[in-house]
Amino acid sequence: MLKFLLWCILLILCWPAAILALLLYPVIWLVLLPFRLVGVVVTGVLDLIWSLFSLPARLVRKLA
């Protein structure tokens with residue numbers, strides 16, 4: 001909702017920039033999509049590594 005309100009303000013102040021932003025938003029979203037996917041994969045791998053390193057400590061806590 002905030003993005004829409006900011007776009008409306010931009011439309012009132014400078015309508016050519018608002019139309020350009022409206023047209024370029026999907027292109028920029030597609031360009032940034034691989035970086036989001038890499039971020040998800042890196043987060044998953046780091047969580048897996050953290051789980052493997054913390055597994056012995058969790059097992060010791062369960063047994064104690």
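Specify which labelled value, from [x] 28, 22, 12; [y] 29, 13, 9; [z] 48, 15, 5, agrees with semi-axes √(5λ) of the Cα gyration tensor in Å derived from the coordinates of the model shown. Comparing each candidate, only [z] matches the computed number.
Looking at the chain, the accessible area is 94 square angstrom per residue; that uses a 1.4 Å probe and ignores ligands, DNA and RNA.
Measure off, as a whole percent, the carbon and sulfur share of the 1.4 Å-probe accessible area of the chain, all protein chains present. Answer for the chain: carbon and sulfur cover 84 percent of the accessible area.
The values are calculated or read from the model by the stated rules, or taken from the named source; none is laboratory data. Since we're looking at a predicted model, the values are computed, not measured. Quick note on the areas: whole protein, heavy atoms, side chains included, nothing else; ligands and nucleic acids left out. Shrake-Rupley method; radii C 1.70, N 1.55, O 1.52, S 1.80 Å.
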